Structure formats: C-alpha cells, structure tokens
Amino acid sequence: MLVWLASYPRSGNGFAREVLYSLYGIRTYSIYEGDRFPISRITKAKTLESQLGEIHHNEKVIIVKTHQLPTESEYPAIYIVRDGRDSMVSYAWFNIYRGSRLRWLQLFGHKPHVRKEVFSDMLKQQILSQNEANGNWSQNTSAWATRPNTVVIRFEQLIQEPANEISNAIQELHLPFSLNNEYKIPSFDNLQKRAPHLYRRGKIGCWKDEFPIDLQSLFWETHGLAMRMLKYK
C-alpha cells in the first residue's frame, strides 16, 4: 500500500521523515533517484508509474516522498504545508547551493558569500515559477490541501510538536504502525550538523529578515489567494 508524504520543496518533508523513523522505525522512500532511499531500491519495475503501481499492490504500507502535484486521490497522503515566504526563501538558497562550489563550501562549515542580487533573482524565479511537475507554491499547496484522503500538517506545528503532529496523522489515516515508546527525535541542531545543505534554519518566520521588501508585493500578487486560504498573514 502506498502512502504519500507530500510537500512543496523546503517545507519540512525531510524532518517529517526523520520523525517517522524515530516514532515508528519506518524507513520512508522517495520518487527521486538522488534521494538516499529511492523507491527503485524496493521495486523491480523500471518506470515511475509502474514502480508506484507495484508499491500500491504491496501488502506492506510504504510511505513515499514527493513534491509533485497530485494526479490521483486513491492513495492516502500526509501533506506538509509551510508559509510560502519561508518555503521560497529556503528553496532559493537551496537552489543557489545545489550543484555548485557554494554547496561544497557549506558542507565543510563555511558560510559562503552570495551577492544580494543573486539571491533576489533566484527568489523571484521561485515566486514566478511554472514548474510543470511541482507547480508553483500556490498550485502545489492548493491541490494537495483540498485533495481527498489527505491529512494536512503545518510546518509551524510540526517543528514545535513533531511527535503529536505525525502520530495524529498516522492515526487519522488508520495506518497500522506501532509507536516506539522509547523514541528520541533528533534535534534540529543535530540534523543541521549532519546535513547542513538540507537543514538550513528550520525556523518560523525566517523570511522576515531575508525576503527583500521589493519582492513582497509580487509575492502577494502571485500567491495571496492561497496564503489567505491557508490563513497565513
């Protein structure tokens, strides 16, 4: 049985996977080959569609990470939503670091200097993004948050009460997992030391000191409807 763990990029998906492992000993998987645990590890099929079909018919419950837009409502899902401003700021930095010398420097503990113009240009791309697979932030959050058979978790609650948020979602979906009573959820500081390119700040409202004022109007023009629907101010 396939269960989605979905989110727009940089919204807490990785942290949720750590919590699931701590609480239930669940090894979650991903549709992305670059991930540590891609679904290709557990299927014999070659295409993504056939891999998902194989997992769907598996007797075990297998949780799979995705950032893509939903294409069906058959599979249960946990969706993590984060304030679009925080998601986009984090995603802009992630894209600047990814595949560049800056990432190498960051991995070894250095804080690379990035010109403000570079960050602003990348953030503007995130605001206006038309990614076909993921959609933009508004499209992604609106599609998943209104999807049937989906439990929505807010990033803001997830990082404050991770055990409660994840266990409540598991119960709401009636998934047959047994809680490890001796669980220990890793701190954000430990996760950041382990993978600084994946765990950057992990705070609520980090956009306030990073989001350029001249781009905030563009953000609200583009994503205001979804922000208001999700009651972000």
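When region 162-200 is filtered for residues that are free of Cβ contacts under 8 Å to residues at least 40 places away in the same chain and over 17 Å from the mean Cα position of the chain (by Cα), the ones remaining, listed by number, are 164, 168, 171, 172, 174, 181, 182, 187, 189, 190, 193, 194. Checking 68, 51 one by one, the residue that is farther than 24 Å from residue 233 by Cβ and part of a helix (DSSP H, G or I) is 51 and no other.
Residues that are within 19 Å of the chain's Cα centre (by Cα), in a helix (DSSP H, G or I) and among the small types (Gly, Ala, Ser) within region 18-48 comprise just one, 22.
Residue pairs whose Cβ atoms lie under 7 Å apart, separated by 6 or more positions or on different chains, with the first residue in region 79-95 and closer than 14 Å to residue 209 by Cβ and in a helix (DSSP H, G or I) and the second at pLDDT below 95 and basic (Lys, Arg), are 90/10; 90/200; 93/200.
The values are calculated or read from the model by the stated rules, or taken from the named source; none is laboratory data. Predicted model, so just to flag it, every value in this text is computed and none were measured. When we count neighbours, we look across all protein chains shown, and the Cβ atoms used for this are built from the backbone with ideal geometry, even at glycine.
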